[in-house]
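Enquirer: Below is the structure I would like to discuss, written out as structure tokens.
The values are calculated or read from the model by the stated rules, or taken from the named source; none is laboratory data. The structure displayed is predicted, hence computed values, not measured ones. Because the Cβ atoms are built from the backbone with ideal geometry, glycine has one as well, and the counts that use them run over all protein chains shown.
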Amino acid sequence: MLPSSDNSERFAPASELYARPERLGVAGPRLREQVRLTIETVRGDDGFPIVAFREVADRDAAEVLRGHVLEIRSSQLPELDEDEYYPFDLVGLEAREPGGAIVGRVTDVVESPAHALLVISSESTEETMVPFVLAAVPTVAVAEGFVVISPGFLGDTGELGRGNGSVGDDALAGGGGGGVHGGEGGTSGR
């Protein structure tokens, strides 16, 4: 198991985690099926714990869970500051132009060394990564179900992935505050 939590208490015996399959393929939908798992024992160190689950009887049962993501219930997560979001808050939101036209949907949030990247997918184009910085994503309206993507990150034609190829340079120049909280599966940096 490779932990992404900065909370070592998350892996204490008797703690409950929920396993779900990692997404299928680059643009595949995320599966919402979850398996509740109860930690029986933990050995190893914080960087690479070896965990035994009460519901997993043998190596074959453990192999079935290979590639699954272990999560906790959102009610167990700490409150975030304004302009901070957990990735699950963003996945599924519509991606819109500033004028309101829908250009796609957020299908994933990818952490990078500089800042998080929103993966935007649409029916007419391949998926595109948009830096989750204020210059690229000036509006995040989780309750209303959308994010706004600045025109420079949509390409010259206004469509995702159909520009002049300079999105990466614009993203690095954009920088900026807020974001997706990373420690417990969230992201910050926008």
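Enquirer: Report, by residue number, each residue of region 51-71 that is part of a loop (DSSP other than H, G, I, E, B) and surrounded by 13 or more Cβ atoms within 10 Å (Cβ to Cβ).
Expert: Across region 51-71, the qualifying residues are Arg54, Val56, Leu65.
Enquirer: Say we look at region 106-125 and pick out the residues that are closer than 14 Å to Leu154 by Cβ and not hydrophobic (A, V, I, L, M, F, W, C); which of these is surrounded by the most Cβ atoms within 10 Å (Cβ to Cβ)?
Expert: Applying the filter and picking the extreme gives Ser121.
Enquirer: Next question, about the same structure. Among all residue pairs at least 6 apart or on different chains, which show Cβ distances below 9 Å where the first residue, located in region 53-66, is over 23 Å from Ala12 (Cβ atoms) and in the same structural domain as Leu17 (by TED's automatic domain parsing) and the second is at pLDDT below 90 and part of a loop (DSSP other than H, G, I, E, B)?
Expert: Qualifying pairs under 9 Å: none.
Enquirer: With the checklist (1) surrounded by 12 or more Cβ atoms within 10 Å (Cβ to Cβ); (2) modelled with pLDDT under 85 in hand, flag the one item Ser74 doesn't pass.
Expert: (1)
Enquirer: Going through region 11-43 one residue at a time, which ones are more than 26 Å from Thr107 (Cβ to Cβ) and at pLDDT below 85?
Expert: Hit for region 11-43 is Phe11, nothing else.
Enquirer: Which residues, counting only those in region 33-84, are at positive phi and touching a Lys or Arg at 6+ places or on another chain (Cβ under 8 Å)?
Expert: Residue satisfying the conditions is Asp83 alone.
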